[in-house]
Amino acid sequence: MSHNTTIGKEIVEMLMFSLYPEPRTIYREYIQNAYDSIREAVEIDLLSSLNDGIVYININKSERSITIKDNGTGISERNAEQRLKDIGNSIKRLMTRPRAGWYGVGRLVGAGYCQKLTFRTTYAGETSVSE
């Protein structure tokens, strides 16, 4: 049995706007994901402590753009497509030390409020960039 499941735009919009009716929630969700990535980097000794973690936020009014970056682990090229495309399938539930964001939908909040939303990630030790 082979079938590619389609998730309609309406269900994605329902998730975004019913769970995240306030546009500023974007910052909370993305900063929390950055923090979780930094925490993971500490746990696998890429960073010495949480104090070494950096979350960078740049708001460029003239370009009407916002960039959020961190120095956490990132997502490996092998896992990037699945982790960024899956909805409601967070690996954070499986971790021995649970993180925020167990539902796997937080990154969707930006799609409801942005004209263009890009996720770009590089995993520690890899040179490739997944987008």
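Here are a few things to note about the model shown:
- Solvent exposure ordering (accessible area, 1.4 Å, most first) of Val55, Val42, Val109, Val129: Val129, Val55, Val42, Val109
- Amide H contacts of Ser65 (H built 1.01 Å from N, in plane; Pro and chain starts excluded): Asn60 sit under 5 Å, all sequence-distant by 5 or more or on other chains.
- Ranked from largest to smallest solvent-accessible area, with a 1.4 Å probe on the protein heavy atoms, Asp70, Asp45 come out as Asp45, Asp70.
- Rounded accessible area of Arg83 (nearest 10 Å², 1.4 Å probe): 90
- For the stretch 21-26, 3J(HN,Hα) computed residue by residue from phi via the Karplus equation (6.51, -1.76, 1.60; θ = phi - 60°) reads x, 9, x, 5, 4, 3 Hz, glycine and proline entered as x.
- Under 16 Å of direct C-alpha separation, and excluding same-chain neighbours fewer than eight residues apart, Lys69 reaches these aspartates and glutamates: Glu29, Asp36, Glu40, Asp52, Glu131.
The values are calculated or read from the model by the stated rules, or taken from the named source; none is laboratory data. Note that the coordinates shown come from a computational prediction; the quantities given were computed from them, not determined experimentally. Side chains included, ligands, DNA and RNA excluded: accessible areas come from the protein's heavy atoms. Shrake-Rupley method; radii C 1.70, N 1.55, O 1.52, S 1.80 Å.
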